[in-house]
Amino acid sequence: MTPAQFRELFPALASTVWLDTPGAPPGARPVVEALRETLSAWSCGDFSWQDWDAAAATARTLFAEFTGVDPATVSTLGSLAEAAATVAASLPPGRIVVPAEEFRSNLFPWSARHEVVAVPTRDGVTRVEDLVDALDDRVSLLAVSEVTSREGQRLDLAALRAATDRVGARLFVNLTQSLGALRFDATRIRPDYFAVHGYKWMLCPRGAAWLVTRSDRIDGLRALAPSWKSTSPPHGYFGGPADLAPDAARCDASPAWFSWVGAIPALRLLGSLDAERVERHCLALAGELTQRAEAVGLRRVTHGPASHIVVLRTGQADGIAIRLRERGVRATALGDRVRFGFHYFNDEHDAVTAASALA
C-alpha cells in the first residue's frame with residue numbers, strides 16, 4: 001500500500017494537516033467502522049459479549065505476528081503504566097535506572113516498589129552515555145523509551161543492551177512512541193521486556209496495550225491484578241484454585257472490550273504495510289521539516305539519531321501554535337518547544353505547510 005492509499009483511509013486528513021500523532025492520531029476508517037458496528041450491535045442488543053471478549057486474544061496473535069515474537073510471551077493489558085507496574089511487581093526490590101524526564105507512565109510505576117535512580121538531562125536532552133554511566137552491579141533494570149516523547153530522541157537500544165549486559169541488569173523498553181512508524185527487531189535488541197500502548201502510532205483505540213516478556217523471564221512474571229483472565233482457556237468464572245496460565249497470559253488484564261475490537265483492524269492494517277518503507281517514509285518527512293526549520297533558525301532539541309518525531313526549541317511556542325492552527329496544522333507546543341510527528345499517512349505537503357507556519 002502506498003502512502004497516498006494509506007492516507008485515504010483517514011477522513012480527518014481531508015481538512016487537517018495531522019502532525020500530532022505523538023499525542024494521538026486521527027481514526028482510521030477500518031477501525032472507526034468496526035467500533036461503529038459494535039456500538040450499533042450494542043444499541044440494538046444484537047451482540048455476543050463472548051465475541052467481544054475474544055478480541056484481545058485475536059489481537060495478541062496479530063501483535064505477535066507484527067513484532068515477530070511468540071504469542072506465549074505477550075500479555076494483553078490496558079496501558080503502558082500497567083505493563084511497567086507488572087514488571088516492577090515481578091522483580092525483587094532493587095535499583096532501577098530511568099531518565100529523569102521520562103514519560104511518567106514509565107517512571108512512576110518503578111518508584112512504588114524500587115529505589116529509582118533518575119538520570120538528569122544535559123542541555124535538555126537525555127544522553128545515552130549518561131544512562132550507561134549510571135549502570136553498575138547494584139542496578140537490576142534500566143527502563144527507557146526507544147523514542148522520547150519530550151525530545152523526539154531515538155535512543156541507541158543496542159548500546160543500552162550491551163551496557164546492561166555488562167552489569168547483569170535487565171532492559172525494559174517502551175515502544176509507545178515508535179512502534180508502528182519505526183521497525184523494531186526484538187531478536188537483535190533482546191530486551192527482557194518491551195511494552196507499547198497502541199493508541200498512538202499503532203492506530204488503536206486507547207486501552208489496548210501489550211507487554212512482551214522474553215521467554216527466559218516468563219517464570220518470574222507475577223500478575224498485577226489476578227482475575228478470571230489469568231488462567232488458561234477455557235476461563236472459568238467461579239471458585240476453584242488460582243491455577244494461573246503457564247505463559248505471559250497469566251498477566252492479562254480483564255479487557256475493555258471495545259478497545260480490543262478496534263485494535264484488530266488497526267493491527268491488520270499495519271500488518272499489511274511494508275515496515276521498511278513506512279520507516280523510510282516517516283524519517284524522510286521528518287528530515288525535510290528539520291531542514292526547512294533550520295533555514296528559519298529553528299533547530300532540534302537533540303543532535304542524536306533522527307526519528308519520526310521532530311521537536312524544535314523555540315521561545316515563541318505560543319505564537320507558533322497560533323499560526324499552526326490558522327493553517328490547519330495539528331501539532332503540540334511544549335513550553336520552550338514545539339513537536340511534530342510524521343506517520344505513513346503524512347506527505348510532503350504536510351511538511352511544507354508546517355514549515356511555512358514556522359517561517
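If you plug the beta carbon distance of ARG206 and SER43 into 1/(1 + (r/R0)^6) with R0 = 25 Å, you get a FRET efficiency near 0.70. Charging the Cβ of each Asp and Glu at -1 and of each Lys and Arg at +1, and nothing else, the dipole of the chain about its Cα centre rounds to 520 debye.
The range 67-122 and the range 217-251 have Cα centres separated by 21 Å. In the range 209-359, a dipole from Cβ-located charges (positive for Lys and Arg, negative for Asp and Glu) runs towards its positive end, and of PRO233, ALA317, GLY220 it is ALA317 whose Cα lies farthest in that direction. SER40 contributes about 70 Å² of solvent-accessible surface, heavy atoms of the protein only, 1.4 Å probe. Take the Cβ atoms of ARG323 and THR2, set R0 to 35 Å, and the FRET efficiency comes out at 0.70. Near ASP247: Cβ cut-off under 15 Å, other residues only, Lys/Arg at +1 and Asp/Glu at -1. The net charge is +1. For the range 165-256, the solvent-accessible area with a 1.4 angstrom probe is 44 square angstrom per residue.
So for the chain: antiparallel DSSP bridges make up what percent, rounded to the nearest 5? Before the final figure, lay out each step's value.
Values: 20 of 39 bridges.
So the antiparallel bridges in the chain amount to around 50 percent.
Rounded to a whole number, what % of the accessible area of the chain do carbon and sulfur atoms account for, probe 1.4 Å? So the carbon and sulfur contribution to the accessible surface is 51 percent. The label point for GLU348 and the one for ASP219, both projected 7 Å from the Cα toward the Cβ, are 5.7 nm apart. Ranking ALA242, PRO71, GLN5 by how far each Cα lies toward the positive end of the dipole of the chain (charges on Cβ) leaves GLN5 at the top.
The stretch between ALA54 and HIS235 holds 64.0 nm of extra length on full extension. This uses 0.36 nm per residue minus the Cα-Cα distance.
Give me the percent relative contact order of the chain, please, defined on Cα pairs under 8 angstrom at least 6 residues apart.
Details: 703 pairs, mean separation 84.9, N = 359.
Relative contact order comes out at 24 percent.
Normalising by the residue count of the range 1-82, find the relative contact order in percent from Cα pairs under 8 Å and 6+ residues apart. Walk me through the intermediate numbers first.
Details: 27 pairs, mean separation 13.9, N = 82.
Dividing the mean separation by the residue count of the range 1-82 yields 17 percent.
The slack in the chain from ASP136 to THR16, taken as 0.36 nm per residue of separation less the alpha-carbon distance, amounts to 38.4 nm. Extension gain for ALA242-ARG268 works out to 6.0 nm (0.36 nm per residue, less the C-alpha to C-alpha distance).
The values are calculated or read from the model by the stated rules, or taken from the named source; none is laboratory data. Just so we're clear, the structure is a prediction, and the values are computed from it rather than from any experiment. A quick note on method: Cβ atoms are made from the backbone with ideal geometry, for glycine too, and the neighbour counts reach across all protein chains shown. What goes into the accessible areas is simple: the full protein's heavy atoms, side chains included, and nothing from ligands, DNA or RNA. Shrake-Rupley method; radii C 1.70, N 1.55, O 1.52, S 1.80 Å.
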